[in-house]
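What follows is a set of notes on a single structure, which appears directly below.
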Amino acid sequence: MRVLLVEDDDDLSGRIASALRAENFVVDVARNGEDAIHAGLTEMFDVAVLDLGLPKVDGVTVLKTWREGERNLPVLVLTARDGWPDKVSSFKAGADDFLGKPFRVEELVLRLRALVRRATGHAAARVSCGALVFDAQLGTFELDGLPLKLTALEWRVLSCLMLRKETVVDRRELNERVYDGDAEVDSNSIEVIIGRLRKKLRPELIETVRGRGYMLTAAGAT
């Protein structure tokens, strides 16, 4: 899951980014409204965390600009505890959720996972594909009722495929959602991760769609 974190406080953004990466999120950080607008309009993200009091361009304007540019990624707005007027203006601009400062990072993680899950059309926390089950709220996988041990990169690829099951996900999208922007990525790295996942799962669960990408499917798993 790739998140755009828009926060100008270096200490807070650093703590949030570290905590999210520890939970297998890929995190891009923007520290002012102009950079946030550009990132949101030109890059692919699963979800955004948006502070309102930003330099150059305020958070509400950032959100309005994203929505006017037909960027429909879910957005969680960070607000002051007594910031009801900010919540109203953010709702009108297209916010999906709010979290008051100060907050627990654990709650932020749960809210972000729920937003991503709902944005991909899954109302329930547990998503199934044959014998594979993903608890999108806890971030855990089970295969045949047993916990599945995954590396961070394997988890990122499999969660992306799982939340878009029965849909082809292209290699470029997987790369963008799996690797941090400054990571050195080999041209065949996604193929290597897919190969490792097939060994841990049933190989037929992950279908290669030639020239396009990969699809998680239960069609051949019976």
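The values are calculated or read from the model by the stated rules, or taken from the named source; none is laboratory data. Since we're looking at a predicted model, the values are computed, not measured. Neighbour counts are summed over all protein chains in view; Cβ atoms, including those assigned to glycine, are modelled from backbone coordinates with ideal geometry.
Looking across segment 37-61, the residues that are touching a Gly at 6+ places or on another chain (Cβ under 8 Å) and of a type in the set (D, E, K, R) come down to Asp51, Lys56, Asp58. Residue count for segment 42-58 under the criterion of being within 11 Å of the chain's Cα centre (by Cα) and touching a residue at least 60 places away in the same chain (Cβ under 8 Å): the result is 4. Residues in segment 134-148 that are touching a residue at least 40 places away in the same chain (Cβ under 8 Å) and either over 15 Å from Ala218 (Cα atoms) or in contact with a Cys (Cβ under 7 Å, 6 or more places away or on another chain) (or both): Gly139, Leu148. Contact map, segment 83-106: residues that are in contact (Cβ under 8 Å) with a residue 60 or more places away in the chain and over 15 Å from Arg71 (Cα atoms) paired with residues that are aromatic (Phe, Trp, Tyr) and not in a helix (DSSP H, G or I), Cβ distance under 9 Å, separation 6+ or inter-chain. No pairs are found.
So how many residues does segment 114-131 have that are under 22 Å from Arg198 (Cβ atoms) and within 20 Å of the chain's Cα centre (by Cα)?
Residues meeting the conditions: 3.
In segment 134-156, the count of residues that are touching a His at 6+ places or on another chain (Cβ under 8 Å), in a loop (DSSP other than H, G, I, E, B) and of a type in the set (A, V, I, L, M, F, W, C) is one or more.
Across segment 88-110, which residue is nearest to Val3 (Cα to Cα) among those that are touching a Phe, Trp or Tyr at 6+ places or on another chain (Cβ under 9 Å) and among the aromatic types (Phe, Trp, Tyr)? Once the filter is applied, the top-ranked residue is Phe98. With respect to being on the phi < 0 side of the Ramachandran plot, in a helix (DSSP H, G or I), of a type in the set (S, T, N, Q) and in contact with an Asp or Glu (Cβ under 7 Å, 6 or more places away or on another chain), Ser13 fits the description.
Arg172 - would you say it is basic (Lys, Arg) and modelled with pLDDT under 90? Yes. Could you run through segment 53-93 and say how many residues are among the charged types (D, E, K, R) and closer than 19 Å to Asp9 by Cβ? The total comes to 5.
Filtered by the rule that a residue be surrounded by fewer than 16 Cβ atoms within 10 Å (Cβ to Cβ), within 30 Å of Lys149 (Cα to Cα) and not polar (S, T, N, Q), segment 18-41 gives Arg21, Ala22.
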